[in-house]
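Okay, so here's the structure we're looking at.
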Amino acid sequence: MIDAPASPALRPFEALGRWTIFLVESLGQFGGFLGQALGALLTPPFKLWPLLGRINYIGFRSLLIIILTGGFTGMVLGLQIFFTLSRFGSEAFLGPAVALSLIRELGPVLAALMVTGRAGSALTAELGIMRITEQIDALTVMALSPMRYLVAPSILAGLITFPMMTALFDVVGIFGGYLVGVELLGLSEGTYFGEMQTFVDMADIMTGFWKSVSFGIIVTWVCTYKGFHVAHGAEGVARATTQAVVLSSVLILVWDYFLGTILP
């Protein structure tokens, strides 16, 4: 039986329904993919060498961009916040202002965005090429789980490396603010670090930590999913890589807002 075409008045609702069904199916595939990856991650025996390779791939190779971005972010913050505080005669609070901005917000977000652009895109392209060259199918034929050997180590590596890179970003950024505020603008070194110890507490550090952990899951989850389900051909790999970077970046910013409303 062939369905009759919808009347012109109902076509917008039909399009809305098709889009809703597509969205629900996509979310279901996303969630199922993460569930399979976590299941593979928790299934013994544990594979150490694939994990170490992914830690090197995602974390170690991103150190240079993290150090550069963190240093100049802290320098920009130190410069702009100093000029703002000087209007109110509150230059002494430069240290805690830079530290809180980095630890709670800018450190986790910018570090995640930088790693997404460098490692996330490469991860999607790598899995996409493996898909179109049928290497993933070959693993399945040999009774080897692609989830276990390709996806699960990447997600676990993201959980491990993102908090570390965020901590490095924060430390380098704080010393970047010190370089500008103390060495360039003449603020007292004791004031910079002393006020920081007064106003920054463990709750602020844990806020940045949980954000970095969640970003590590989001970035590796999205990038591996897009690479794992890439369409055929080089054009499909390019499209999947672009979609992975854009979607990961948007989800980082959206999730950062929701965590900011929940965490103290």
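The values are calculated or read from the model by the stated rules, or taken from the named source; none is laboratory data. Just so it is clear, the structure is predicted and the values come from calculations on it, not from any experiment. Neighbour counts are summed over all protein chains in view; Cβ atoms, including those assigned to glycine, are modelled from backbone coordinates with ideal geometry.
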Original post:
Cβ-Cβ below 8 Å, separation at least six or inter-chain, first residue in the stretch 130-156 and modelled with pLDDT under 85, second polar (S, T, N, Q): which pairs?
Top reply: Leu139/Ser145; Pro146/Thr140
Original post:
Considering only the stretch 133-156, how many residues are among the aliphatic types (A, V, I, L, M) and under 19 Å from Phe30 (Cα atoms)?
Top reply: 7
**OP:** Scan the stretch 57-80 for residues that are of a type in the set (Ser, Thr, Tyr) and under 28 Å from Ala92 (Cβ atoms) and report the count.
**Re:** 2
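Could you pull out every one of the helices (runs of 4 or more DSSP H) wholly within the stretch 22-100 that has 2 or more residues that are of a type in the set (Lys, Arg)?
Per the criteria, no element qualifies.
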Original post:
If Glu105 passes every condition in (1) buried (at least 18 other Cβ atoms within 10 Å of the Cβ); (2) of a type outside the set (A, V, I, L, M); (3) at pLDDT 90 or above but one, which one does it miss?
Top reply: (1)
**OP:** For Phe209, work out the one condition from (1) in contact (Cβ under 8 Å) with a residue 12 or more places away in the chain; (2) among the hydrophobic types (A, V, I, L, M, F, W, C); (3) part of a helix (DSSP H, G or I); (4) over 30 Å from Pro50 (Cα atoms) it doesn't fulfil.
**Re:** (4)
Original post:
Within the stretch 68-102, how many residues turn out to be surrounded by 13 or more Cβ atoms within 10 Å (Cβ to Cβ) and among the charged types (D, E, K, R)?
Top reply: 1
Original post:
Condition test on Met196, is it at pLDDT below 90 and within 26 Å of Asp256 (Cβ to Cβ)?
Top reply: yes
**OP:** Give the stretch 215-241 a look and list any residue that's in a helix (DSSP H, G or I) and either on the phi > 0 side of the Ramachandran plot or in contact with an Asp or Glu (Cβ under 9 Å, 6 or more places away or on another chain) (or both), or say none.
**Re:** Phe215, Gly227
